[in-house]
1. Looking at 115, 157, 130 in this structure, which one is farther than 16 Å from residue 174 by Cα and either in contact with a Lys or Arg (Cβ under 7 Å, 6 or more places away or on another chain) or not hydroxyl-bearing (Ser, Thr, Tyr) (or both)?
2. When you scan the stretch 46-57, do you find a residue that is part of a strand (DSSP E or B), over 19 Å from the mean Cα position of the chain (by Cα) and either at pLDDT below 80 or of a type in the set (Phe, Trp, Tyr) (or both), even just one?
3. Restricting to the stretch 63-92, name every residue that is among the aromatic types (Phe, Trp, Tyr) and modelled with pLDDT of 90 or more.
4. Is it the case that the stretch 96-110 has a residue that's within 14 Å of residue 183 (Cα to Cα), over 14 Å from the mean Cα position of the chain (by Cα) and of a type in the set (S, T, N, Q)?
5. Which pairs turn up if I take residues in the stretch 109-121 that are over 19 Å from residue 76 (Cβ atoms) and look for partners that are among the aromatic types (Phe, Trp, Tyr) and not in a loop (DSSP other than H, G, I, E, B) with beta carbon separation below 9 Å, at least 6 apart in sequence or on another chain?
6. Restricted to the stretch 16-32, and to residues that are at pLDDT below 70 and charged (D, E, K, R), which residue is farthest from residue 141 (Cα to Cα)?
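The values are calculated or read from the model by the stated rules, or taken from the named source; none is laboratory data. Everything quoted here is computed from the prediction, not taken from an experiment. FYI the Cβ positions are ideal-geometry reconstructions off the backbone, even for glycines, and counts take in every protein chain you see.
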Amino acid sequence: MRSIDMADLATILVGGLSRFLGQKSELELWEKEGGISLSVTSNGVAGNESEEEIMKKASVRFISNQALRFLSTEFIPSCGITTQVVIFPGSVFRQVEDRTIQKMLNLAQACNLVRPSLELTWLICQALTRKKLIEMKLSKVIIMHDPFNGSTQKSWRQCYMSRDHIGSSRIVSGNSKLLSNYGYAFVVDLPPISPNN
């Protein structure tokens with residue numbers, strides 16, 4: 001039986017033993033598949049903020065017009081809710097022919113991961129600083145949220161966070177290729193941790 005450290009104990013106290021065991025089993029699966037995990041906590045900030053405020057909080061030099069229109073969409077924010085994020089580098093697939101968007105979506109599903117909501121997409125953009133991207137050895141992280149309104153099954157756009165800006169990438173079908181130095185972000189399909197749990 002393995003030992004329980006202070007972080008484990010805090011998780012048990014917040015979410016209960018059954019939740020803790022579920023998180024640990026999922027985490028082992030993500031790690032086995034090469035996933036990088038981090039957590040984000042909602043801060044009560046809505047998406048309809050100014051470009052200047054978004055750039056200030058995300059610590060970037062500029063944000064593309066398409067990404068700005070998506071991220072600034074109005075939604076009802078939550079506050080104090082913590083969600084686990086998992087980022088898979090494109091290099092998790094050793095064979096180049098396996099590096100496709102559809103393969104990445106299949107991997108996420110096998111690991112019980114889902115697409116981030118609009119609010120979580122915004123929080124992930126804030127969390128992924130230049131320093132963190134360098135530590136992850138990634139030049140860009142594509143956030144695998146639901147496609148923009150108006151997208152088709154054959155073509156859609158995903159927001160990404162690079163080391164100096166936020167933009168959006170056009171993806172053409174599930175056969176679009178992954179890049180080994182890019183990351184692809186999903187969230188854990190478990191109830192998020194809130195202060196009241």
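1. Sole residue among the options that is farther than 16 Å from residue 174 by Cα and either in contact with a Lys or Arg (Cβ under 7 Å, 6 or more places away or on another chain) or not hydroxyl-bearing (Ser, Thr, Tyr) (or both): 130.
2. no
3. Within the stretch 63-92, just 88 meets the criteria.
4. yes
5. If the second residue must be among the aromatic types (Phe, Trp, Tyr) and not in a loop (DSSP other than H, G, I, E, B), the pairs left are 111/30; 111/88; 111/186; 113/30; 113/88; 113/186; 114/186.
6. 19
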